[in-house]
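Take a look at the structure set out below.
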Amino acid sequence: MGNCHTVGPNEALVVSGGCSDTKTYVVGGWSWAWWLISDIQRITLEIMTLQPKCDDVETAEGVAITVTGVAQVKVMTDNELLGYACEQFLGKSVAEIKSVILQTLEGHLRSILGTLTVEQIYQDRDRFAKLVREVASPDVGRMGIEILSFTIKDVYDKVEYLSSLGKTQTAAVQRDADIGVAEAERDAGIKEADCKKEMMDIKFQADTKMADSKRELEMQKASFNQEVNTKKAEAQLAYELQAAKEQQKIRLEEIEIEVVQRKKQITIEEKEIVRMDKELIATVKRPAEAEAYKIEQLAEGQKMKKVLTAQAEAEKIRCIGEAEAGSIEVVGKAEAEKMRLKAAAYLQYGEAAQTALVLEALPKIAAKVAAPLARVNEIVIMSGDSSHVTSEVTRLLAELPVSVNALTGVDMLKMPFLQQLTGQQSQTAI
């Protein structure tokens with residue numbers, strides 16, 4: 001049985017033992033290990049910061065100085081180099097690893113300090129640090145360690161050599177600076193005078209040239225202004241002409257637009273007139289025609305109603321009259337027979353007695369004839385001529401003696417009284 005072991009990217013896992021004599025190195029991964037027979041160890045891969053320091057180390061000139069530096073180192077991850085590091089440091093703590101590397105760096109630092117002067121160390125620290133890194137890298141590399149960086153932090157001494165060196169250098173620099181300032185001031189004065197002279201000459205020449213240039217400039221400006229004004233005037237005239245042409249085109253377009261609008265407005269007005277005409281026809285004319293047609297049909301209906309009513313009443317009256325006439329005729333015949341017998345009896349009375357009998361019978365005959373007419377509410381005579389009505393009445397009166405003769409057997413036209421009356425009417429009519 002076994003377990004699975006994992007490590008992050010800042011550690012290396014070393015698995016040894018088991019069925020094989022080889023070691024397994026795992027960085028940022030996992031590995032299987034058997035219980036009791038496999039050995040699991042870890043080694044850090046993080047950066048380790050070291051501060052090597054060499055106290056009172058004599059340089060090539062015998063000056064004792066103290067140097068401190070800062071180094072960044074780490075275990076390399078290549079399998080072979082990682083194996084070297086595991087051989088050297090596996091099972092050790094980080095502090096122990098730092099101590100070993102620190103002693104190695106300090107040893108190389110001391111050896112290199114003995115080959116250099118104080119000036120070389122102090123003035124070119126980067127070259128010194130690079131030299132230390134180059135010399136120490138092979139040794140720490142065989143331990144599986146990589147020097148990432150090495151810098152000199154501080155250099156000092158207890159006999160004030162560096163400060164004296166600084167003072168001497170400072171004095172020399174100050175002296176050279178004073179001499180340089182004096183020479184510079186001298187040279188500056190001479191140069192200033194020469195420069196002033198040259199400046200004045202150049203100024204006079206420049207003023208002359210400036211005057212000539214100014215005059216030429218003014219002349220050119222005047223010429224340019226004239227040309228510019230001419231071009232401006234031409235451009236202005238061309239612009240105004242073009243603007244007038246464009247304005248004319250715009251006006252023509254506007255006129256065309258107005259014409260099109262007027263045509264459309266006329267078309268719309270014509271359509272509106274047609275619409276209003278149709279609306280008037282639909283709302284006024286058609287209803288008026290319908291109303292007139294309705295009134296006409298109602299009048300025609302009323303007329304037909306009256307005509308049919310009159311015809312019906314006339315037919316009714318005719319039928320009633322025929323029935324009553326038949327009845328009267330029978331009665332009349334009976335009466336006539338009666339009267340004939342009476343007449344035969346009355347022949348002996350003479351003409352006066354006959355006239356009296358006729359006049360006595362006339363009211364009764366008239367009552368019998370007029371009896372059906374008493375039940376008539378309205379008599380319509382279908383004729384538009386008033387003279388025709390008069391002739392009809394005259395005709396009825398003329399037929400009365402004939403009817404009396406048929407009913408009574410008495411000829412009224414032979415009666416002297418009626419002849420005399422008829423003659424007077426004829427004369428009056430004439």
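The values are calculated or read from the model by the stated rules, or taken from the named source; none is laboratory data. Fair warning: this is a prediction, and the values are worked out from it, not measured in the lab. Cβ atoms come from the backbone with ideal geometry, glycine included; neighbour counts cover every protein chain shown. Calculation scope for accessible area: heavy atoms of the full protein, side chains included, ligands and nucleic acids excluded. Shrake-Rupley method; radii C 1.70, N 1.55, O 1.52, S 1.80 Å.
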(message) Criterion first (assigned to a helix (DSSP H, G or I), β-branched (V, I, T), out of contact with any helix residue (DSSP H, G or I) (no Cβ under 6 Å at 6 or more places or on another chain) and loosely packed, with under 11 Cβ neighbours inside 10 Å) does I202 satisfy it?
(response) no
(message) If the requirement is being more than 30 Å from E87 (Cβ to Cβ), small (G, A, S) and modelled with pLDDT under 80, which of these qualifies: A211, A172?
(response) A172
(request) Please work out which residue is least open to solvent (accessible area, probe 1.4 Å), limiting yourself to segment 260-293 and to residues that are within 35 Å of the chain's Cα centre (by Cα) and among the aliphatic types (A, V, I, L, M). (result) V260
(request) Go through segment 132-157 and give me each residue that's open to solvent by less than 60 Å² (accessible area, probe 1.4 Å) and in a loop (DSSP other than H, G, I, E, B). (result) M143, G144
